[in-house]
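The values are calculated or read from the model by the stated rules, or taken from the named source; none is laboratory data. Note that the structure is predicted; figures quoted are calculated from it, not measured. Here the Cβ positions follow ideal geometry from the backbone for every residue, glycine too, while neighbour counts run over all protein chains shown.
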Amino acid sequence: MRKSATKHLTRRELKREDQIHAVIARTSSLVLGRTPILLIVLGLAVAGTVGVLLWRNYQKSRDARGQRQFGEALEVFHGTVVGGSTSNVSSDHPTTFSSEDEKYRKAWEKFNQISQQYSSRKVGTLARYYAALAQHELKNDKQAIHLLQQVEGTSDAELRAVARSALAEIYRAGHNRDQALQVYQSMLNDRESKFPKDALLANMAQMAEAMGKKSEAANYYQRLTREYAQSVFVVEARARLALLNPAPK
């Protein structure tokens, strides 16, 4: 839980487990339910109608396989690292690993395969997001950024938001604050996103202040206190504003 607007996020928080698990729950029903809508022109032969039904059933079966593969990859991503030699890894528990590197490398391989197999499906986009997180854990931030930018282009507002959030935190951790601010601004401007705007404004204000952009920081803090008066970040925002714009004596 965030204690104040100035708390730095850890690499673990980058995963945003609570949000992603909610996305996965919705994805489970949406991905299986959204089959292509094929227009059947009046007067089509019976054989044509049967072909349409077969295609729809094939797509449902294909998505179900994708969901199973995704579940297996997720188990690897959240697997247990036992440390020591490979003899400590039990064959009865395939999601135990001798090192973090081994775990995330195998998770990346699985998610990457799913993202390529189901590139046009929602499960493929979600797999690409997790592949990016695995690459980040493997310290391959250039590849992680590349994957997240692909997810950022999705039409799904929630996946787009978590991808941008992860992207901003990678930039922030790498001291690319200008790029992080740009990503946060994109999130703020996204009307479809349900990502908490007060948290975005608090992060943006904190970052601008750390960059020495006091006027910009003050604008973010003022907008936060004005538009989200009930936010948990308001008390801290007002305190920061008092320091940035001290009352005249």
Pick from the stretch 172-184 the residues that are in contact (Cβ under 8 Å) with a residue 24 or more places away in the chain and in contact with a Leu (Cβ under 9 Å, 6 or more places away or on another chain): which of them is farthest from residue 198 (Cα to Cα)?
173
Scan the stretch 95-111 for residues that are under 16 Å from residue 70 (Cβ atoms), over 17 Å from the mean Cα position of the chain (by Cα) and of a type outside the set (S, T, N, Q) and jot them down.
106, 109, 110
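Yes/no matrix, rows are residues, columns are (1) within 28 Å of residue 101 (Cα to Cα); (2) among the β-branched types (Val, Ile, Thr); (3) assigned to a helix (DSSP H, G or I); (4) not assigned by TED's automatic domain parsing to the domain that holds residue 75:
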residue: 120; (1), (2), (3), (4): no, no, no, no
residue: 135; (1), (2), (3), (4): yes, no, yes, no
residue: 163; (1), (2), (3), (4): yes, no, yes, no
residue: 169; (1), (2), (3), (4): yes, no, yes, no
residue: 175; (1), (2), (3), (4): yes, no, no, no
residue: 181; (1), (2), (3), (4): no, no, yes, no
residue: 187; (1), (2), (3), (4): no, no, yes, no
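A quick yes/no check of all residues on (1) among the acidic types (Asp, Glu); (2) part of a loop (DSSP other than H, G, I, E, B); (3) modelled with pLDDT of 95 or more:
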position: 92; (1), (2), (3): yes, yes, no
position: 105; (1), (2), (3): no, no, yes
position: 112; (1), (2), (3): no, no, yes
position: 126; (1), (2), (3): no, no, no
position: 155; (1), (2), (3): no, yes, no
Out of all the residues in the stretch 112-133, which are buried (at least 17 other Cβ atoms within 10 Å of the Cβ) and more than 14 Å from the chain's Cα centre (by Cα)?
112, 114, 115, 118, 121
Given the condition hydroxyl-bearing (Ser, Thr, Tyr), crowded, with 19+ Cβ neighbours inside 10 Å and under 30 Å from residue 137 (Cβ atoms), answer yes or no: does some residue in the stretch 168-183 qualify?
yes
